[in-house]
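**Q** Before I ask anything, here is the structure I am working with.
Bear in mind these aren't lab numbers, they're just calculated from the coordinates by the rules spelled out. A quick note: this is a predicted structure, and the numbers were derived from the prediction, not measured. Ideal geometry is used to build each Cβ from the backbone, glycine not excepted, and the neighbour counts take in all protein chains shown.
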Amino acid sequence: MLLVTTGVLQRRLRIGWRRWHFLFVVPIVSFLGWYAAGQIGTTITAVVMPLAIAMLAPAPAGRDPVTSTLLREPFLANADRNLIQARRTRSNTAIFVLEVDRFKLLEERNNRSGIETLLRAITTRLALSLRASDAIARLDGPTFAVTLAPAASLDLEAAIQLATRIQHSMAEPIKIDGLNVYCSVSIGFCLSDRIEGVDSSELLQAATNALIEAQRHAPSAIRNYSPAMRSRIANCNELSQQVSRALEKGQIRAFFQPQISTRTGRITGFETLARWQHPQRGLIPPIEFLPALAQVGLMHRLGEVMVNDALSALSRWDAAGLDVPRVGVNFSNDELRDPELVDRISLQLEQFCLSPERLAVEVLETVVADHADDIVIRNLSGLARLGCSLDLDDFGTGHASITSIRRYAVERIKIDRSFVTRIDADQEQQKMVSAILTMAERLGLDTLAEGVETAAEREMLAQLGCGHVQGYGIARPLPPEDVDQWIKGYRAIVINQRPFRRRVG
Ligand code: C2E
Ligand code: CA
Ligand code: CA
């Protein structure tokens, strides 16, 4: 109780202090006006000051300028009052935290005023789902918080019903620039009887933890806070810290997987794949650490390391006379939004005295399928102009239109593993891959099949006319120190083998 009361007092003092600013500013400025120009100065100040205050204060104090909902501090003060009342009346209150699902995508597709329209519409719908005594705040970007007025009937079931009602209220489309935009929210909440003796900021933190858990199951997920969430999130934060340090210490480095021409059997390139060489846990695959790196905003740093490792390996292979035409590097959406990307790549190529066509940029099909923002388009065309080639990764899993394949000057499509598995035995797989290959041929695109695990799959892909193959059936991703040996061994085998069969039918 003492904790809550102290929190309330501190917050009230902070808000009050902001309002009192004006009591100092107004007389001081009026006095300066009078001191500088006598009666005229006072008159000017009297006219200009109210205008300036009106223009510079777009929203009432303590309110978000876009949605007019509360800001964090007054919201917490309100929630503290609810907590005190709930304890006095032996009832329950709760904090809900909501976030718009896939907000980045909405931001990419709409301009600023469109996003503001969306946030206002969400606020209105939220308000209509609540009672007048509940309070709403916009915490940050697409995140809203709600504090509920205490009620004896507020239990877990009532809270879930309310969360569901809020989600239903978001189902109708929102009109932005004449177009229907659909959005959903994920919700985390914490009832005050779930954690005893906390103040509003701790209750808000608990609801935020529940939201983070809900977002793992987004869209439109709802989660109630449980103490286990706290330790899960702590583990996740711990991983983010560890992975950042690992990247700086050089523990995350590139492995290389070969790509082979089905026509000649020759090595046509290597794909660069990130691996974390953990001192205790051994080799950790990217699926386990990429999300943590993305969370701390370090994907562009990983990109720098991967390009550097790839180009330095390529120049070593050149020096050893190993004839590797190029290396492919995976580029995340975050990296593709870096305005410095093209300059950085160009500089890295210069440092290693390598021509740009030696570097293939691998971009997920979903990146070009989505309505990419200007910066992604500019970067991809900048890299193509520089001379880098563009591989469309995981082809068949996104919805890239033929127009976008053309617009981005894609050179090669990498057919996703899901179409390749058991292609030798499965006629449906064969039909799908044949259709993709025919389309690619008509568009003048090269092709590569990913995840080729057996000789039979490789043989079938060669027969169907797929240009290149990559997968465990040829080699697993190799550490750079093993690549030279592997190339020499592979060459020795290929020399004694007949070339793969060409396309049939
Ligand atoms: P991806 O770009 O589609 O890479 C191919 C993945 O399939 C790799 O997994 C590779 O090891 C695996 N693979 C290759 N051949 C076979 C096979 O025959 N069978 C099976 N089952 N799998 C095969 P990995 O290395 O775990 O990478 C997973 C994903 O992580 C990559 O998928 C890529 O999207 C991402 N990734 C890896 N390295 C980087 C990186 O440096 N930067 C970025 N942005 N993403 C990366
Ligand atoms: Ca890839
Ligand atoms: Ca892939």
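**Q** Please compute the length gained on full extension between residue 109 and residue 318, using 0.36 nm multiplied by the number of residues separating them and subtracting their Cα-Cα distance.
**A** Working: separation 209, 0.36 × 209 = 75.24 nm, distance 4.36 nm.
70.9 nm is the gain from fully extending residue 109 to residue 318.
**Q** Now for a separate question. Report the FRET efficiency, 1/(1 + (r/R0)^6), for residue 116 and residue 385, where r is their Cβ-Cβ distance and R0 is 30 Å, rounded to 0.05.
**A** Details: r = 35 Å, r/R0 = 1.17.
Result of the calculation: an efficiency of 0.30.
**Q** Please check which bits of the range 212-256 a label hung off residue 301 would reach, taking the label as a point 7 Å along Cα-to-C-beta and the cut-off as backbone N under 18 Å.
**A** Counting only backbone N, you get 236-254.
**Q** Rounding to the nearest 10 and keeping the result within 0 to 90°, find how far the Cα-based axis of helix 112-129 lies from the longest principal axis of the chain.
**A** So the inclination is approximately 60 degrees.
**Q** So, counting K/R as plus one and D/E as minus one, what does the shell of residues with Cβ under 15 Å around residue 192 add up to?
**A** Net of charged neighbours comes to -2.
**Q** Could I ask something else about it? Applying 1/(1 + (r/R0)^6) with R0 = 25 Å to the Cβ-Cβ distance of residue 378 and residue 294, what FRET efficiency is obtained, to the nearest 0.05?
**A** 0.70
**Q** Hey, which lysines would be in cross-link range of residue 488, C-alpha to C-alpha under 24 Å, not counting anything within fewer than 8 residues on its own chain?
**A** The reachable lysines, counting only those whose Cα sits under 24 Å from residue 488, number zero.
**Q** To continue, here is another question. Scan the chain and report its longest stretch carrying no GluC sites (Glu not before Pro) that are both in a DSSP loop and have at most 16 other Cβ atoms within 10 Å.
**A** In short, 1-195.
**Q** Just want the answer: with Cβ charges of +1 for Lys and Arg and -1 for Asp and Glu, which residue in 256, 237, 222 is farthest toward the dipole's positive end in the range 222-267?
**A** Highest projection toward the positive end goes to 256.
**Q** Let me ask you something else. So how much slack lies between residue 63 and residue 85, counting 0.36 nm per residue of separation and subtracting their Cα-Cα distance, in nm?
**A** That pair, residue 63 and residue 85, stretches by 5.6 nm at full extension.
**Q** Taking only Cα atoms, what is the 0 to 90° angle, nearest 10, from helix 299-319's long axis to the longest principal axis of the chain?
**A** Roughly 20 degrees, rounded to the nearest 10.
**Q** ³J(HN,Hα) across the range 399-415 via Karplus (A = 6.51, B = -1.76, C = 1.60, θ = phi - 60°), whole Hz, x for Gly/Pro?
**A** 3J(HN,Hα) across the range 399-415, in whole Hz: 9, 5, 7, 4, 4, 6, 4, 6, 4, 8, 6, 5, 9, 9, 9, 9, 6.
**Q** Compute the helix-to-body angle for 455-464: its Cα long axis versus the longest principal axis of the chain, expressed 0 to 90° and rounded to tens.
**A** So the helix axis and the longest Cα principal axis differ by about 90 degrees.
**Q** Need the full-extension length gain, residue 193 to residue 491, defined as separation in residues times 0.36 nm minus the C-alpha distance. One decimal, nm.
**A** Once the chain is fully extended between residue 193 and residue 491, it gains 100.3 nm.
**Q** Lys/Arg Cβ at +1, Asp/Glu Cβ at -1, dipole of the chain taken about the Cα centre: which of 180, 314, 465 is farthest positive-ward?
**A** Farthest towards the positive end: 180.
**Q** Report for the chain the percent antiparallel among DSSP-assigned beta bridges with both residues inside it, nearest 5. Working shown, then result.
**A** Details: 37 of 62 bridges.
Roughly 60 percent of the beta bridges in the chain run antiparallel, per DSSP.
**Q** Let me ask something else. Which values, in whole Å and largest first, are the semi-axes of the equivalent ellipsoid of the range 72-225 obtained as the square root of 5 times each eigenvalue of the Cα gyration tensor?
**A** Working through the eigenvalues yields semi-axes of 28, 14, 14 Å.
**Q** Could you name the lysines in cross-link range of residue 175, using Cα to Cα under 22 Å and dropping any fewer than eight places away on the same chain?
**A** Partners found: 104.
**Q** With each run of n ≥ 4 DSSP H residues scored as -39500 (n - 2.57), what mean residue ellipticity at 222 nm is computed for the chain after dividing by its residue count and rounding to the nearest 500 deg cm²/dmol?
**A** -17500 deg cm²/dmol
**Q** Taking residue 414 as the anchor, which lysines have their alpha carbon closer than 19 Å to its alpha carbon, excluding any fewer than eight residues away along the same chain?
**A** Within the straight-line cut-off, residue 414 pairs with 431.
**Q** Count neighbours as other Cβ atoms within 10 Å of each site's Cβ, and list the trypsin sites (Lys or Arg not before Pro) in the range 384-446 that are DSSP loop with at most 16 such neighbours. Walk me through the numbers on the way to the answer.
**A** Numbers: sites: 385, 406, 407, 412, 414, 417, 422, 431, 442; in loops: 422.
Sparse-neighbourhood loop trypsin sites (Lys or Arg not before Pro): 422.
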